[in-house]
Ligand code: T5A
């Protein structure tokens, strides 16, 4: 793979979408990269995935989604995303910014829904064909604060409406993942204002890009 995969992770309302957009604008305006840059997300990074996202997040009091069905739908979304979007982009040398990836499944379906962690790791392996993020930015935020941010936007989706204990288990999942994957996952305190969080992300990402051989000189070739 010639490109790099940078993933944003965290609980509901952690600020991933906001910070990913800010990073894109900063990278584009700072002329850091002369290479192609794309943004995507899970679930919903492909046409098939958009349909799965709708099925996964809609509120339907008539039909409960079983935990295992939920797990397989996230895996199906990921398999399609990796095969038809992520791998082709990375093989072209693209820097891909992705809102959520494999750690979300471990945190939400593993810790949150209490499904078997080994089974989830195997499913992640099957869905990704072994593809891992090069850098994961974990926005760590107080659970109640994150849910309050989401609720202040209005209607909540099916997963946002799960009880507080569920979201606390998810948070614990991200904390344990970060602890055991220190070279890949970087913790960022998301309980600060947007500018402070964005500044730290820029510092981390620019150091990584330099370490990977990208130059912030607009005249330089990769
Ligand atoms: N899921 C996903 C699984 O269960 N398993 C999986 O394998 C995968 C891949 C995805 C759902 O699917 C689940 C997790 C999710 O429940 P989604 O809509 O993509 O659904 O959900 P989120 O990724 O959680 O999106 P959110 O929009 O809820 O959270 P974000 O993106 O972290 O937060 P953001 O940036 O939209 O900000 C939320 C609000 O807070 C404000 C923003 O303006 C916005 O209003 N905000 C701040 N306010 C104060 N201070 C700051 N620093 C702020 N930053 C943002």
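The values are calculated or read from the model by the stated rules, or taken from the named source; none is laboratory data. Quick caveat: nothing in here was measured; it's all calculated off a predicted structure. Cβ atoms come from the backbone with ideal geometry, glycine included; neighbour counts cover every protein chain shown.
Criterion first (within 9 Å of the ligand (Cβ to nearest atom) and touching a helix residue (DSSP H, G or I) at 6+ places or on another chain (Cβ under 6 Å)) does residue 128 satisfy it?
Numbers: within 9 Å of the ligand (Cβ to nearest atom): no; touching a helix residue (DSSP H, G or I) at 6+ places or on another chain (Cβ under 6 Å): yes.
So residue 128 fails the test.
Check whether at least one residue in the stretch 133-152 is more than 13 Å from the ligand (Cβ to nearest atom) and within 30 Å of residue 28 (Cβ to Cβ), and report yes or no.
yes
So is residue 147 under 18 Å from residue 11 (Cα atoms), in a strand (DSSP E or B) and in contact with a helix residue (DSSP H, G or I) (Cβ under 9 Å, 6 or more places away or on another chain) or not?
On the way: under 18 Å from residue 11 (Cα atoms): yes; in a strand (DSSP E or B): no; in contact with a helix residue (DSSP H, G or I) (Cβ under 9 Å, 6 or more places away or on another chain): yes.
Judged against the criteria, residue 147 is not a match.
Among the residues in the stretch 37-48, are any at pLDDT below 95 and either crowded, with 16+ Cβ neighbours inside 10 Å or away from the ligand (no atom under 11 Å from the Cβ) (or both)?
Initial filter on the stretch 37-48 (at pLDDT below 95): 37.
Now drop any that are not either crowded, with 16+ Cβ neighbours inside 10 Å or away from the ligand (no atom under 11 Å from the Cβ) (or both), which leaves 37.
Yes: the stretch 37-48 contains one or more residues that are at pLDDT below 95 and either crowded, with 16+ Cβ neighbours inside 10 Å or away from the ligand (no atom under 11 Å from the Cβ) (or both).
Quick one: which helices (runs of 4 or more DSSP H) sit completely within the stretch 1-102 and have at least 3 residues that are within 30 Å of residue 207 (Cβ to Cβ)?
Per the criteria, 16-29, 87-91.
Restricting to the stretch 95-114, what's the tally of residues that are more than 9 Å from the ligand (Cβ to nearest atom) and surrounded by 19 or more Cβ atoms within 10 Å (Cβ to Cβ)?
Residues of the stretch 95-114 that are more than 9 Å from the ligand (Cβ to nearest atom), as a first pass: 95-98, 110-111, 114.
Of the ones still in play, those that are also surrounded by 19 or more Cβ atoms within 10 Å (Cβ to Cβ) are 95-98, 110-111.
Residues meeting the conditions: 6.
Looking only at the stretch 188-197, which residues are out of contact with any helix residue (DSSP H, G or I) (no Cβ under 7 Å at 6 or more places or on another chain) and in a helix (DSSP H, G or I)? Give the steps one after another, and end with the answer.
Keep residues of the stretch 188-197 that are out of contact with any helix residue (DSSP H, G or I) (no Cβ under 7 Å at 6 or more places or on another chain), which gives 189, 192-193, 195-196.
Scanning the stretch 188-197 gives 195, 196.
Scan the stretch 166-187 and give yes if some residue there is touching a residue at least 24 places away in the same chain (Cβ under 8 Å), outside any helix (DSSP H, G or I) and more than 16 Å from the chain's Cα centre (by Cα), otherwise no. Talk me through it step by step, then tell me what you get.
Step one: of the stretch 166-187, the residues touching a residue at least 24 places away in the same chain (Cβ under 8 Å) are 166-178, 181, 184-187.
Checking the rest, the ones that are also outside any helix (DSSP H, G or I) come to 181, 184-187.
Add one more test, that the residue is more than 16 Å from the chain's Cα centre (by Cα), and what stays is none.
No, the conditions are met nowhere in the stretch 166-187.
Conditions tested, residue by residue: (1) away from the ligand (no atom under 16 Å from the Cβ); (2) at pLDDT 95 or above; (3) closer than 21 Å to residue 133 by Cα; (4) in contact with a strand residue (DSSP E or B) (Cβ under 8 Å, 6 or more places away or on another chain).
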site	(1), (2), (3), (4)
170	no, yes, yes, no
185	no, yes, yes, yes
192	no, yes, no, no
197	no, yes, yes, yes
210	yes, no, yes, no
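Select from the stretch 70-87 the residues that are farther than 16 Å from residue 130 by Cβ and surrounded by fewer than 23 Cβ atoms within 10 Å (Cβ to Cβ) and list them in ascending order. Write out each step before concluding.
To start, the set of residues in the stretch 70-87 that are farther than 16 Å from residue 130 by Cβ comprises 70-74, 76-77, 80, 84-85.
Within the stretch 70-87, 70, 71, 72, 73, 76, 80, 84, 85 meet the criteria.
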